[in-house]
Amino acid sequence: MEKNKQLRVFAEEIRVETLHELAHLGFGHVGGAMSIVELLAVLYGGEMKINPADPQWEDRDRLVVSKGHAGPAVYATLALKGYFPKEMLLTLNQGGTNLPSHCDRTKTPGIDMTTGSLGQGMSTAIGVALGNKLKKSDAYTYLILGDGECNEGQVWEGAMFAPHFKLDHLIAFVDYNKQQLDGACDDVMYMGDMVDKWTAFGWNTVKINGHDIDAIVKAIADAKAQSGKPTMIILDTVKGNGCELAENTFPCHHINFKPEQIAPSIEKAEAALEAARKA
Amino acid sequence: MYKVKSTFEKETVEMRKAYTETLMELAETNDKICLLDADLVGSSGVKPFFKAYPERSFDCGIQESNMIGVAAGMSSVGFVPFVHSFGPFASRRVADQIFLSCAYAKLNVKILGSDPGVTAAYNGGTHMPFEDMGILNSIPGMTLIEPTDTVQLRSIIKTIANEYGVHYMRMGRKLACGVFEEGSEFEIGKAAVLREGTDVCLVGSGIMVEVCLKAAEELAKEGISATVLNTFTWKPMDEEALVKYSKQCGAFVTAENHNVVGGLGSIVASALAKNAPAPVEMVGIYDTFGEVGTEAFLRERFDLTPAAVVAAAKRAIARK
């Protein structure tokens, strides 16, 4: 049983809101949004030093979602935290919206960095962490990479850079959901053992169940307890987790669906939320 | 305000030295200015800055893409990063990072691409950017600059350090031809008038300014009166000045150490076509790659010479 019951409730709320947001549209990056829900719940449910009433607060912790296509899950989280009204979620991807498919720091209150061209968030997150270190700020910088994203060379440039400059207030995650757009990661571009790779590059690396809230909380606490190195937390996840339709679709990076196709998945997610509230 | 020298000679201070000195002067009072280089600290002349401000100096290794992103991230927490690599690696190699992490994200990064065009000389075609400005010109909101001498360079650096946005500057590292009097100041987007004439307007920046000035002298000997306009800002282009000289001269020659496709010629011709059409002849690189050799050889090889500008001026005047 998970100890952090409130965070579980928050995670299920994020999942349900994200599904409503995407269902309204009829398509989207469902798989990679669902797989980071628990992480977002931990980060925004208390881990990150933030102030939703002042999204530009200079000393805040920051999150760079380098897998920018997971924007809809982040937007649902931000709406639940009060950065903007929940009704805004239904404007996702519509002309004139402040919620574009990929994260945009200039449009969405609470989004700290613009992403969408994979690999680039690695470097901008490092820049934020380096800048904060220079300012002698104790703020943490969090970074979420996709596993497919790790095909990008820029990721590995950053992988060398962050330990070289001893960025110990950079805590990164790879959403290791084992799928990318064209199929299974190992089939598209075999990347070997991610723990070995990041360890070899000089990161304090752990691999945990990315849907286990207690494990995420502990891994972040452990990361904060060490110094001199950045931390990489490999989140072993299921792409589409908690959305039956996505879980049963392969690959599920981006899917199209009719309202009646997604409805049973939303009902199940809502039931999971109710169960979490009662637990 | 700027003042043009009466005679034009090679300067005694290298451009890279003026660049470093100016940044060090700014860094004294602005603790947000920092410097990033991609394993070219020894080439770019910034060692004194690295020594004076080690905590604000970062050798990023041979990682241009990462370096641009790191600079963007640093600017998001208030820093003013100046980033350097050789021109091709500070532009075409990192076009997507400049586009998304810097410009699209509306961040504040200053990018120096050194050794533009033929000034790459012995490094050859691989290192000879005839395309840097053209590539970056299509990114919305960018400011593109090519300074002429150390006086203009110092003024521009002081301006862009305090002007929010993404600036790309292409600059030779070595000795330039001195054109402006000490203390001259420049406004981004406002061309400098080096010489007033009525028959043709010669437009150039960087090493081509000296070429235009020499060409104007030659033309004067033949009774042709030439304006020389120094468009050190390619974007935003000073369209007002172009309109003025379209009316005053009625014909133009653009002179650039860059591909005429997407370069200064294209930018000037486009602005004129829209506002005040006049014949434009272009001296520059005609859609070809660079080569290895001395700068003097390459200037001849690619017709970046006063004689080429004189010939182009006559063609432009004949088309009026």
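For B:Ser76, indicate whether it is touching a residue at least 24 places away in the same chain (Cβ under 8 Å), in contact with a Leu (Cβ under 9 Å, 6 or more places away or on another chain) and within 11 Å of chain A (Cβ to nearest Cβ). Yes.
Taken as a whole, segment B:91-105 holds no residue that is within 17 Å of B:Ile157 (Cα to Cα) and either at pLDDT 95 or above or not assigned by TED's automatic domain parsing to the domain that holds B:Glu131 (or both). Entry remark, segment A:212-250: residues being under 19 Å from the mean Cα position of the chain (by Cα), outside any helix (DSSP H, G or I) and not acidic (Asp, Glu) number 13 in total.
Residues that are of a type in the set (Lys, Arg) and surrounded by 18 or more Cβ atoms within 10 Å (Cβ to Cβ) do occur in segment A:228-249.
Selection of segment A:123-159 for residues being over 25 Å from A:Tyr75 (Cβ atoms), more than 7 Å from every other protein chain (Cβ to nearest Cβ) and assigned to a helix (DSSP H, G or I) yields A:Lys133, A:Asn151, A:Gly153, A:Trp156, A:Ala159.
If you go through segment A:255-279 and pick out every residue that is in a strand (DSSP E or B) and either more than 23 Å from the chain's Cα centre (by Cα) or surrounded by fewer than 13 Cβ atoms within 10 Å (Cβ to Cβ) (or both), you end up with 1. May I ask you to verify whether A:Asp186 is under 20 Å from the mean Cα position of the chain (by Cα), surrounded by fewer than 18 Cβ atoms within 10 Å (Cβ to Cβ) and over 17 Å from A:Ala23 (Cα atoms)? Spelling it out, it is not the case that A:Asp186 is under 20 Å from the mean Cα position of the chain (by Cα), surrounded by fewer than 18 Cβ atoms within 10 Å (Cβ to Cβ) and over 17 Å from A:Ala23 (Cα atoms). When A:Leu19 is tested against (1) of a type outside the set (Phe, Trp, Tyr); (2) surrounded by fewer than 24 Cβ atoms within 10 Å (Cβ to Cβ); (3) out of contact with any Leu (no Cβ under 6 Å at 6 or more places or on another chain), just one condition goes unmet, and that condition is (2). Number of residues in segment A:194-229 that are farther than 29 Å from A:Leu273 by Cβ and out of contact with any Ser or Thr (no Cβ under 9 Å at 6 or more places or on another chain) equals 8. Residue count for segment B:28-68 satisfying the condition of being touching a residue at least 24 places away in the same chain (Cβ under 8 Å), within 14 Å of chain A (Cβ to nearest Cβ) and under 23 Å from the mean Cα position of the chain (by Cα): 10. Which condition from (1) in a loop (DSSP other than H, G, I, E, B); (2) in contact (Cβ under 8 Å) with a residue 12 or more places away in the chain is the one that A:Ala76 breaks? The one condition A:Ala76 does not meet is (1).
Yes/no matrix, rows are residues, columns are (1) closer than 29 Å to B:Asp31 by Cβ; (2) surrounded by fewer than 24 Cβ atoms within 10 Å (Cβ to Cβ); (3) within 14 Å of chain A (Cβ to nearest Cβ):
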{"site": "B:Ser85", "(1), (2), (3)": "yes, no, yes"}
{"site": "B:Arg92", "(1), (2), (3)": "no, yes, no"}
{"site": "B:Ile98", "(1), (2), (3)": "yes, no, yes"}
{"site": "B:Asn108", "(1), (2), (3)": "yes, yes, yes"}
{"site": "B:Thr126", "(1), (2), (3)": "no, yes, no"}
{"site": "B:Pro129", "(1), (2), (3)": "no, no, no"}
{"site": "B:Ser138", "(1), (2), (3)": "no, yes, no"}
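For segment B:140-157, a residue qualifies if it is assigned to a helix (DSSP H, G or I) and in contact with a Phe, Trp or Tyr (Cβ under 8 Å, 6 or more places away or on another chain), and the qualifying residues are B:Val151, B:Gln152, B:Leu153, B:Ser155, B:Ile156, B:Ile157.
Yes/no matrix, rows are residues, columns are (1) touching a residue at least 12 places away in the same chain (Cβ under 8 Å); (2) touching a Lys or Arg at 6+ places or on another chain (Cβ under 6 Å); (3) over 21 Å from B:Gly73 (Cα atoms):
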position: A:Phe27; (1), (2), (3): yes, no, yes
position: A:Leu63; (1), (2), (3): yes, no, no
position: A:Glu87; (1), (2), (3): no, no, yes
position: A:Arg105; (1), (2), (3): no, no, no
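Looking across segment A:97-122, the residues that are crowded, with 24+ Cβ neighbours inside 10 Å and either under 18 Å from A:Val174 (Cβ atoms) or more than 8 Å from chain B (Cβ to nearest Cβ) (or both) come down to A:Leu99, A:Cys103, A:Ile111, A:Met113, A:Thr115, A:Gly119, A:Gln120, A:Gly121, A:Met122. Filtering segment A:29-61 to residues that are charged (D, E, K, R) and in contact (Cβ under 8 Å) with a residue 40 or more places away in the chain leaves A:Glu38, A:Glu47, A:Lys49, A:Asp59, A:Arg60, A:Asp61. None of B:Val292, B:Val243, B:Val268, B:Val261 is surrounded by 21 or more Cβ atoms within 10 Å (Cβ to Cβ) and not assigned by TED's automatic domain parsing to the domain that holds B:Pro147 except B:Val268. Among the residues of segment B:166-175, just one is in contact with a Pro (Cβ under 8 Å, 6 or more places away or on another chain) and assigned to a loop (DSSP other than H, G, I, E, B), namely B:Gly172.
Among the residues making up segment B:271-289, those that are in a helix (DSSP H, G or I) and surrounded by fewer than 18 Cβ atoms within 10 Å (Cβ to Cβ) are B:Ala273, B:Lys274, B:Asn275. Look at B:Phe252 and say whether it is touching a Ser or Thr at 6+ places or on another chain (Cβ under 6 Å) and hydrophobic (A, V, I, L, M, F, W, C). For B:Phe252, the condition - touching a Ser or Thr at 6+ places or on another chain (Cβ under 6 Å) and hydrophobic (A, V, I, L, M, F, W, C) - is not met. Residues in segment A:160-176 that are assigned to a helix (DSSP H, G or I) and at the interface with another protein chain (Cβ under 8 Å from one of its Cβ atoms): 3 in all.
The values are calculated or read from the model by the stated rules, or taken from the named source; none is laboratory data. Bear in mind the structure is a predicted one, so any value in this text is a computation, not a measurement. Quick reminder, even Gly has a Cβ in these numbers, built from the backbone with ideal geometry, and neighbours come from all protein chains shown.
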